[in-house]
Amino acid sequence: MLLIEELRVEVGGRTILNNVEMEIPRGETHILFGPNGSGKTSLMMTIMGFSGYNVTHGKIMFKGHDITHMPIHERARLGIGVSVQRPPTVHGLKTRNLVEVCAKTGGRTMDIEELAAEVNFVDFLDRDVNHKFSGGEIKRSELLQLMAQDPDLVLLDEPESGVDLENMVLIGETINLLLHRGVKYRKGKSHREAVAEQNKSALIITHTGHILDYITADRGQVLFNGHLCCSRNAREILKWIGEFGYEECVRCAMDLQIQAKMPPASI
Ligand SMILES: Nc1ncnc2c1ncn2[C@@H]1O[C@H](COP(=O)(O)OP(=O)(O)OP(=O)(O)O)[C@@H](O)[C@H]1O
Ligand SMILES: [Mg+2]
């Protein structure tokens, strides 16, 4: 679904990402960890194609298309959707109208009220986008837009930040629905059918790992100083970071890389 090769990105004249290699197969959910300022949001914004993130080397492939320099709206039409870390307030634009635009981008016609009811958001449809929304409401609004768009690759930047524990269940279930992995979605289908239809991919940034209680992550990756340095089980990574911190996590990753390059020991 997504293939990133030797990616180098400059923001504001500074190199923020360097030699990033990433592959997210169809149907897989990957979790992106990394300390503050390591470049996680920049990577997501670059994949989506926001202006100001200049790719100076490498390429980004999505569903076989080279999207490295493709405009943001074309990437959205091709099937990439994002929930950003700090969504802006948009005065004069009703949430309902934005959700309708998202549905159109995804080439779908749907009952917006019915969709909003799934995330308990009907009462917010006629308010300006994010205007005086609470932190948790902003995250739900973002997910509603994504549900309307129904992208094949879902990028979520800290979906649980600012969300209370009760609403976390709703956020978790909604993400499951987005990825077609949810219990609701599977109703009336055999397990085989449900698995065969898991064709959505996701990249989710988290600091706390709370989201892992609700979704099935296939892999975790660690970004450190603009460089992806580890790729393995997401829960293992979270446990390691919690116990030993990022420095130790990176040291371990470097050891593994050195071992991988060493010739096998002779007996
Ligand atoms: N427009 C910009 N101009 C200059 N520097 C920038 C710009 N955008 C991001 N940066 C810098 O790039 C680095 C990476 O930022 P980024 O937001 O990608 O980090 P992050 O890993 O998402 O951090 P956090 O966990 O705090 O959200 C930071 O040092 C940030 O200050
Ligand atoms: Mg960030």
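The values are calculated or read from the model by the stated rules, or taken from the named source; none is laboratory data. Since this is a predicted model, take the numbers as computed values, not measurements. Positions of Cβ are backbone-derived with ideal geometry, glycine not excepted, and every protein chain shown enters the neighbour counts.
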Query - Test for LEU93: is it within 24 Å of LEU2 (Cβ to Cβ) and out of contact with any helix residue (DSSP H, G or I) (no Cβ under 6 Å at 6 or more places or on another chain) - result: no
Query raised in the report: Identify, please: which residue in segment 68-91 is within 16 Å of ligand 2 (Cβ to nearest atom) and touching a residue at least 12 places away in the same chain (Cβ under 8 Å) and is, among those, surrounded by the fewest Cβ atoms within 10 Å (Cβ to Cβ)?
Result: PRO88
Query raised in the report: Mind checking which residues of segment 3-23 are over 28 Å from ASN199 (Cβ atoms) and more than 16 Å from ligand 2 (Cβ to nearest atom)?
Result: ARG8, GLU10, GLY13, THR15, ASN18, ASN19
Requested in this report: State whether one or more residues within segment 97-117 are farther than 24 Å from HIS210 by Cα, more than 16 Å from ligand 2 (Cβ to nearest atom), among the hydroxyl-bearing types (Ser, Thr, Tyr) and surrounded by 21 or more Cβ atoms within 10 Å (Cβ to Cβ).
Outcome: no
Query - Those residues of segment 48-67 which are surrounded by 14 or more Cβ atoms within 10 Å (Cβ to Cβ) and on the phi > 0 side of the Ramachandran plot, in sequence order - result: GLY49, GLY58, LYS63
Report task. Would you be able to tell me the number of residues in segment 104-162 that are more than 16 Å from the chain's Cα centre (by Cα), assigned to a loop (DSSP other than H, G, I, E, B), within 21 Å of HIS73 (Cβ to Cβ) and modelled with pLDDT of 90 or more? Result -> 1
Query - Count - residues of segment 148-167 that are surrounded by fewer than 22 Cβ atoms within 10 Å (Cβ to Cβ) and away from ligand 1 (no atom under 16 Å from the Cβ) - result: 6
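So that you can scan it fast, the table gives a plain yes or no per residue for (1) within 16 Å of ligand 1 (Cβ to nearest atom); (2) in contact with a Gly (Cβ under 7 Å, 6 or more places away or on another chain):
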| site | (1), (2) |
| --- | --- |
| ILE16 | yes, yes |
| GLU28 | no, no |
| PRO35 | yes, no |
| GLY39 | yes, yes |
| MET48 | yes, no |
| GLY52 | yes, no |
| ASP66 | no, no |
| ARG75 | no, yes |
| VAL82 | yes, no |
Query raised in the report: Within segment 24-49, can you find the residues that are within 9 Å of ligand 2 (Cβ to nearest atom) and among the charged types (D, E, K, R)?
Result: LYS40
Query raised in the report: Here are some conditions: (1) farther than 24 Å from ASN176 by Cα; (2) surrounded by 17 or more Cβ atoms within 10 Å (Cβ to Cβ); (3) in contact with a helix residue (DSSP H, G or I) (Cβ under 9 Å, 6 or more places away or on another chain); (4) of a type outside the set (Phe, Trp, Tyr). GLY27 meets all but one. Which one does it not meet?
Result: (1)
Query - Residue that is farthest from ligand 2 (Cβ to nearest atom), among those in segment 188-216 that are small (Gly, Ala, Ser) and at pLDDT 90 or above - result: SER201
Report summary line: Among residues of segment 84-103 being assigned to a loop (DSSP other than H, G, I, E, B) and of a type outside the set (A, V, I, L, M), the residue nearest to the chain's Cα centre (by Cα) is GLN85
